[in-house]
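One structure is given here, and the rest of the page talks about it.
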Amino acid sequence: MKSPDLSQFKGIVAVVAAAGCGSRMSGDTPKQYLKINRQTILDITLSRLVSFAPIELVVLVISPQDNYFKHLEYGENEKVIIIEGGAERANSVHNALRFLYDSGLPDEAPVMVHDAARPCITHQDLKQLSDTYQNTNQACILTSEVNDTLQKVGDSNLIEQTLDRSSLVRAYTPQMASFNQLKTSLKHAIDNKLNVTDEASALLASNYAVASVNGRADNIKITRNDDLALAEFYLSKQESEK
């Protein structure tokens, strides 16, 4: 694919990581292509992002073996560009950042990375995250408070310690930073074979400050079969709030 000219780009870029196979879900269909109310999870996610006006470009990263994307409702959307991902999440996001680099995206451009399997993301949270970034010029991620008691489990499933949850949060997506911060930190993580599971951990490994932005608890990631029904409930509830 010929890279577009993004040298004068002024909006927000959203990178959607959708190259995973969803190994914890049963069946052969990748979880992002499972359906909720006759619409794929990925299409629901994309619909939330492309309809948020400040996001002017969505880079959708899919597996090279993906044969499902051709049926996406939002695959032909004017804001969406589809590229191939890598073996792990960090590699996939890094591929997207290399594509953006080749397209001339300015270093200061804001980029947010979102999980394909988080279809319940709201414009309310997208605005809160982007406003925080614009006001502080600091990397930031959506989070949610931890309400459950957390226990550390050791050998033989024996509980070793009760953790203090007052300083703990659940890390959600999107996670947002400048293009330069993201490409620098992910390259550092990959080059040094660091075990990073999200952009925040890569940013922290490169000594960038990352702010926590308290978001909605219904911004769940669909990981297991039980999550489908919960996501369907949350999506229906969100519709009733409009």
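Residues that are loosely packed, with under 13 Cβ neighbours inside 10 Å, farther than 26 Å from residue 216 by Cα, touching a Phe, Trp or Tyr at 6+ places or on another chain (Cβ under 9 Å) and not basic (Lys, Arg) occur at least once in the range 95-110. Applying the set (1) over 21 Å from the mean Cα position of the chain (by Cα); (2) in a strand (DSSP E or B); (3) in contact (Cβ under 8 Å) with a residue 60 or more places away in the chain to residue 161 leaves exactly one unmet item: (3).
Consider residue 234 carefully, then state whether it is surrounded by 15 or more Cβ atoms within 10 Å (Cβ to Cβ), at pLDDT 95 or above, of a type outside the set (Val, Ile, Thr) and farther than 29 Å from residue 94 by Cβ.
The answer is yes for residue 234.
Which residues, taken from the range 60-75, are surrounded by 16 or more Cβ atoms within 10 Å (Cβ to Cβ) and either outside any helix (DSSP H, G or I) or on the phi > 0 side of the Ramachandran plot (or both)?
Within the range 60-75, 60, 61, 62, 63, 66, 68, 72, 74, 75 qualify.
Being among the basic types (Lys, Arg) and touching a helix residue (DSSP H, G or I) at 6+ places or on another chain (Cβ under 7 Å) is the filter here; which residues of the range 72-122 pass it? Working first, answer last.
If we filter the range 72-122 for residues that are among the basic types (Lys, Arg), which is where we start, we get 79, 89, 98, 118.
Residues satisfying the conditions are 79, 118.
Could you check how many residues of the range 140-196 are among the hydroxyl-bearing types (Ser, Thr, Tyr) and surrounded by fewer than 17 Cβ atoms within 10 Å (Cβ to Cβ)? Step through it out loud before you land on a result.
First, the residues of the range 140-196 that are among the hydroxyl-bearing types (Ser, Thr, Tyr): 143-144, 149, 156, 162, 166-167, 172-173, 178, 184-185.
Among the residues that remain, those that are also surrounded by fewer than 17 Cβ atoms within 10 Å (Cβ to Cβ) are: 149, 156, 162, 166-167.
Total meeting the criteria: 5.
Taken together, the residues in the range 204-237 that are within 19 Å of residue 144 (Cα to Cα) and either touching a residue at least 60 places away in the same chain (Cβ under 8 Å) or among the basic types (Lys, Arg) (or both) amount to 19.
Can you tell which of 240, 236, 130, 201 is within 24 Å of residue 47 (Cα to Cα), under 17 Å from the mean Cα position of the chain (by Cα) and not in a strand (DSSP E or B)? Even if it seems obvious, please write down each step before you answer.
Details: 240 fails: under 17 Å from the mean Cα position of the chain (by Cα); 236 fails: under 17 Å from the mean Cα position of the chain (by Cα); 201 fails: within 24 Å of residue 47 (Cα to Cα).
Residue meeting the stated conditions: 130.
Among the residues of the range 183-209, the ones that are under 13 Å from residue 112 (Cβ atoms) and touching a helix residue (DSSP H, G or I) at 6+ places or on another chain (Cβ under 6 Å) come to 1 in all. Taken over the range 1-26, the residue count meeting the criterion of being surrounded by fewer than 19 Cβ atoms within 10 Å (Cβ to Cβ), more than 15 Å from residue 103 (Cα to Cα) and either at pLDDT 95 or above or among the hydroxyl-bearing types (Ser, Thr, Tyr) (or both) is 2.
The values are calculated or read from the model by the stated rules, or taken from the named source; none is laboratory data. The shown structure was predicted, so the numbers you read here are calculated from the model rather than taken from an experiment. No Cβ is skipped: glycine too gets one built from the backbone with ideal geometry, and neighbour counts run over all protein chains shown.
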